[in-house]
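Reviewing the structure listed below.
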Amino acid sequence: MQYCQVTVTDDGSIRSDRIEIAPTNECEWQDVEFSLTNDGTFKAEGVFMGNGAQPDYLNYIVTDECVFLWFDINYEDSTMMFHYQPFSLEIENCNAQTYNVYFRNKSLVMGPQETFVRYAVRRGGTTEIERIVINREEGVIYDLKGLPVMDIPKNGFYIKDGKIIYIE
């Protein structure tokens, strides 16, 4: 086995975070819409089935050409008040011309869907639905461009279940 020293001089362009979504009154259903402005601001707006009594969270990961979005719904401390709630998200410095957006919305309280749906959004435009469903149970692995790969790489980065994993 050989060893070598690696110096990271740049954090790269992978960003991740989560935003808290405060509970709101019930609203009408609206499909999610994505847009990418000419100045590089990624926007997502829509409605999700959330906890009407406690905060929920919208997680995101942004890579060079992909955005992964999924909700953490507070099921344990719910008082059983679930209904449609609006959300919006803006992420600046998204500088690619096109992004693949992988979105998972647990839309049903009983038996939530465990899939990501892929959308495409282009600079200066809005959502183009590609409706390619990715089943998390199958353990699909993606490269950092959001393309499925057959095997886990021997080293480097890959994405599984919305998480970026690094192997030395």
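The values are calculated or read from the model by the stated rules, or taken from the named source; none is laboratory data. Given the structure is predicted, the values throughout are model-derived calculations rather than measurements. Every residue, glycine as well, gets a Cβ built from its backbone with ideal geometry; the counts of neighbours run over all protein chains shown. For accessibility, only protein heavy atoms count, side chains too; no ligands or nucleic acids. Shrake-Rupley method; radii C 1.70, N 1.55, O 1.52, S 1.80 Å.
Ile73 contributes about 20 Å² of solvent-accessible surface, heavy atoms of the protein only, 1.4 Å probe. The phi torsions of the stretch 18-30, fed into the Karplus equation with coefficients 6.51, -1.76 and 1.60 and a -60° offset, translate into couplings of 9, 10, 7, 10, 5, x, 10, 5, 4, 9, 7, 5, 9 Hz, rounded to whole numbers, with Gly and Pro shown as x. Between Asn95 and Leu147, the contour length at 0.36 nm per residue exceeds the alpha carbon distance by 16.8 nm.
Of Asp143, Asp151, which has the most accessible area and how do the rest follow, probe 1.4 Å?
Values: Asp143 50, Asp151 115 Å².
Largest accessible area first, the residues go Asp151, Asp143.
For Trp29 and Glu65, the FRET efficiency from 1/(1 + (r/R0)^6), where r spans their Cβ atoms and R0 equals 22 Å, is about 0.15.
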